[in-house]
Amino acid sequence: MRKVIIAVGALGVAAAVVVGVLQARDSDRATNAAPQPLTLAQVSRPVAGAPPVLAALHRRVNALEGGGAKALDAQLRALRGHPVVVNLWASWCGPCRFELPFLQRQAVRRGARVAFLGVNSGDNSDGARELSARFPMPYPSFEDPRQAIAGRYGVAGLPATAFYDARGKLVLVHQGGFPSEAKLAQEIERYALGGRSS
C-alpha cells in the first residue's frame with residue numbers, strides 16, 4: 001500500500017511539473033510572439049519637432065540605397081550632433097524580421113532626437129525590397145552585398161545594431177536580435193543617448 005501511495009504521489013508531482021512547463025512555454029510564446037509591423041503610412045508620417053537633418057532623413061523612408069560603406073560613412077558624418085542607431089539586417093534573417101517592428105516603433109517614437117539607418121547586409125536587392133515592403137522602415141538602408149560594413153563592425157552574424165553617440169563615436173555594437181522593444185529602448189537610452197531620457 002505504501003508503494004502505491006508513493007507511486008501516485010510521484011505521478012502527481014510529475015504531472016504538475018509537466019503542466020507547469022507547458023504553461024510557462026505557452027506564456028513565453030505569447031510574450032515573444034512576433035510583433036505586428038507598422039504600415040508604410042504609419043512610418044511615413046512626418047516626425048513632429050525633428051530638426052531639418054533628421055526630418056530629411058525620415059523623408060527617405062524605406063529607401064534602399066547603394067554606395068556601401070562610403071555612403072554610410074558620409075551619412076554618419078552628416079548626422080554628427082545627433083545620436084545614431086544603425087541596424088544591420090537581411091531578408092533571409094529570421095531574427096531580423098522579428099526585431100524590425102521594434103526598430104520601426106522606436107524610429108517613429110524617437111525620430112526627432114535619434115537618427116536611424118539600416119544596412120542590408122549579404123542580401124540581394126529583390127529580397128531586400130520584398131522584406132521592406134512587408135516591414136517598411138522609417139529610415140533609409142544602405143546596400144552591403146559583400147558584407148564589408150558588417151566586417152568593419154566585426155559582426156559574426158545578423159542582426160546586429162551599432163549605437164553612435166551625438167559626437168559620432170561608435171559606443172556599442174550589439175550582436176544578435178533584440179527580444180523585445182523594451183530591451184532595444186534601454187540600449188538606445190544607454191548607448192546612443194548616454195543615459196539622457198528622450
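Just a few scattered comments:
- Cβ-derived FRET efficiency at R0 22 Å, Arg146 paired with Leu170, nearest 0.05: 0.60
- Using a Förster distance of 22 Å, the FRET efficiency for Trp92-Ala156 (Cβ separation, nearest 0.05): 0.90
- Two-site label geometry, Ala63 and Ala34: point separation in nm, points 7 Å out along Cα→Cβ: 2.9
- Ranked order, Thr39, Thr161 - accessible area, probe 1.4 Å, largest first: Thr39, Thr161
- Three-way shape call for region 111-182 based on the alpha-carbon gyration tensor, with the a/c threshold at 1.5: oblate
- Amide H to amide H, with H built 1.01 Å from N, Leu79 comes under 5 Å of no residue 5 or more places away or on another chain.
- Extension gain for Ala55 to Arg77 (0.36 nm times residue separation, less C-alpha to C-alpha distance): 6.3 nm.
- Residue among Ile188, Gly154, Ala133 farthest towards the positive dipole end of region 133-198, charges placed on Cβ: Gly154
- Rounded to the nearest 10 Å², the accessible area of Arg129 at probe 1.4 Å: 120
The values are calculated or read from the model by the stated rules, or taken from the named source; none is laboratory data. Here the structure is a predicted model, which means the values were calculated and not measured. Please note: Cβ atoms are built from the backbone with ideal geometry, for glycine as well, and neighbour counts cover all protein chains shown. Remember, those area values only see protein heavy atoms, side chains included, never the ligands or the DNA or RNA. Shrake-Rupley method; radii C 1.70, N 1.55, O 1.52, S 1.80 Å.
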